[in-house]
Amino acid sequence: MGSQCSTTKSVAEDSHGEVPKIITKDEPKGASTSTQETKAPHIVVVGAGFGGLAVALGLRKELDEGLVTMTLIERSTTFAIKGCLQFVLDGRKTFDEITHNLEDAKVSDKVRKCFGWSVSSLDVDGKSLKMGKIGGNDAEETVSFDYLVLATGVVSDPTSIPGLADSMLNFCDDTHTMKIKEALDAVPEGGTVLVTTAAVPYKCPPVPFEYAFLADSMLRKRGIRDSVNVIITSPKAPFPFGGPVPKKVFLAACADRNIEFRAGIKPVKVRSDEKVVEFKHSEGEGEDQEVTFDALIGSYPQRAPDLLADLCNPKGFVPVDLITMETKKPGVFCIGDSSWMMLKTEPPKPHPKSGAFAKIAGENVATMLGAIAHGDSLEDARAKVSKKRIARCFAETGDGEGILIEPKLLDDEDGPMGFRSEGPTPEFGAAKVDWINEIEMHYFGKSNFHN
């Protein structure tokens with residue numbers, strides 16, 4: 001068939017027809033002599049970003065030993081860390097330098113890799129989905145699964161705010177990166193750069209600040225920064241993420257760069273012809289207002305893709321268990337940006353969305369599925385999943401400097417949850433490059449990203 005997915009050893013025979021039965025400690029082996037019971041469970045992973053690749057890498061041993069089979073489906077054929085787009089924005093890197101071919105990922109050769117394929121429909125209760133090669137002419141294929149891991153990411157949907165799509169460049173969209181550069185290069189003396197978060201939650205909480213900091217740096221290099229207003233807005237008040245610790249660090253960095261931060265306002269309409277954004281009060285002391293702009297950049301409202309609609313809550317995301325990432329449907333997991341979790345804070349707050357946390361979520365799912373593949377009961381497998389939730393990343397502040405962001409989102413045996421943030425310093429700017437290299441090495445065994 002012309003559109004076969006790639007695999008060293010085909011597992012297509014495990015991807016069709018009846019779903020093979022899974023034997024765990026809950027059901028003693030030998031309960032039946034059916035050949036169906038001897039088949040390894042089939043895991044389908046939809047999405048090969050931070051989370052999906054983490055699942056595949058975490059189950060490499062079980063895949064190589066034939067304890068499980070896997071189909072990995074991804075619309076794209078390439079992988080790039082979104083945080084690298086900032087390096088493309090100001091000319092430090094090219095798209096080629098931040099991009100990897102997904103075929104080079106360090107997943108087991110036993111994985112059926114369907115890169116450049118899309119899923120058109122999902123039957124969770126029937127444990128099957130339909131997929132086809134993007135741009136291909138062959139009929140769609142029905143794939144059955146025992147376990148399904150949804151790592152689809154989110155879609156940006158500007159339709160709820162009139163005029164937004166016509167005027168705002170989306171820094172979550174790599175096709176907008178060079179358009180953002182062009183817009184910043186065209187800002188006139190006396191102009192305004194407006195960096196706006198259209199809705200929460202959104203992926204990578206510090207990213208609006210990073211783009212404002214980079215705009216500041218780029219405008220300084222043009223020699224016009226002192227006459228240009230740079231404004232950040234957020235629907236959340238008093239600060240969009242992490243509490244008082246990152247608030248102090250980021251707002252101090254804003255003050256040092258004469259960047260204004262306005263909290264508690266959300267955009268409700270963009271009058272594109274006038275280059276005006278209408279804001280309404282959303283939280284705290286935010287006030288209704290209008291802001292005129294020369295360059296408007298930010299994040300559109302985000303939600304899980306339509307494929308996951310039946311699993312979503314009213315906010316447009318898939319509720320999952322905070323530790324295991326299980327959805328309300330048995331055997332179905334959701335990880336990364338499309339998932340919805342509430343932290344055990346007072347009051348409860350949504351779990352932030354980032355590549356680092358998607359990687360942790362994928363590793364947790366791999367731990368659980370790996371334990372089941374080795375015969376553990378469902379409860380024993382759940383008990384083996386890590387209760388730690390610590391991530392570390394670095395926010396761009398321009399001119400080679402950065403801010404450390406280190407959230408600890410769950411209490412564990414080492415102590416309570418908390419948040420560490422420091423900077424900006426050149427050391428943390430260099431550490432971001434090291435972090436990117438570390439991630440690329442982890443997933444691909446090589447890095448295209450160097451100082």
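The values are calculated or read from the model by the stated rules, or taken from the named source; none is laboratory data. These numbers were taken from a predicted model, which means no experiment stands behind them. Ideal geometry is used to build each Cβ from the backbone, glycine not excepted, and the neighbour counts take in all protein chains shown.
Screening SER421 on (1) more than 29 Å from ASP104 (Cα to Cα); (2) in a loop (DSSP other than H, G, I, E, B) shows it passes everything except condition (2).
The number of residues in segment 219-248 that are within 26 Å of PRO352 (Cα to Cα) and either surrounded by 16 or more Cβ atoms within 10 Å (Cβ to Cβ) or of a type in the set (D, E, K, R) (or both) comes to 17.
Filtering GLU440, GLU363, GLU406 for residues that are under 18 Å from the mean Cα position of the chain (by Cα) and within 16 Å of CYS84 (Cβ to Cβ) leaves a single hit, GLU440.
Put simply, of ASP123, ASP90, ASP138, ASP166 the only residue that is modelled with pLDDT of 95 or more, over 26 Å from SER339 (Cβ atoms), surrounded by fewer than 15 Cβ atoms within 10 Å (Cβ to Cβ) and of a type in the set (D, E, K, R) is ASP166. Per this entry, LEU251 is not counted among residues that are of a type in the set (A, V, I, L, M), surrounded by 21 or more Cβ atoms within 10 Å (Cβ to Cβ), outside the structural domain of ASP337 (by TED's automatic domain parsing) and more than 30 Å from VAL45 (Cβ to Cβ). With the condition kept exactly as written, say whether any residue in segment 276-286 is over 29 Å from the mean Cα position of the chain (by Cα), more than 25 Å from GLY402 (Cβ to Cβ), in contact (Cβ under 8 Å) with a residue 40 or more places away in the chain and not in a helix (DSSP H, G or I). Yes, because at least one residue in segment 276-286 is over 29 Å from the mean Cα position of the chain (by Cα), more than 25 Å from GLY402 (Cβ to Cβ), in contact (Cβ under 8 Å) with a residue 40 or more places away in the chain and not in a helix (DSSP H, G or I).
Candidates are the residues of segment 424-451 that are in contact with an Asp or Glu (Cβ under 6 Å, 6 or more places away or on another chain) and part of a helix (DSSP H, G or I); the one that is farthest from PHE79 (Cα to Cα) is PRO426. Listed here are the strands (runs of 3 or more DSSP E) enclosed by segment 135-204 that have at least 3 residues being β-branched (Val, Ile, Thr): 192-197.
Of the candidates LYS179, LYS221, the single residue that is farther than 30 Å from GLU74 by Cα and among the basic types (Lys, Arg) is LYS221. Residues in segment 315-334 that are under 19 Å from SER156 (Cβ atoms) and either surrounded by fewer than 16 Cβ atoms within 10 Å (Cβ to Cβ) or β-branched (Val, Ile, Thr) (or both): LYS315, VAL318.
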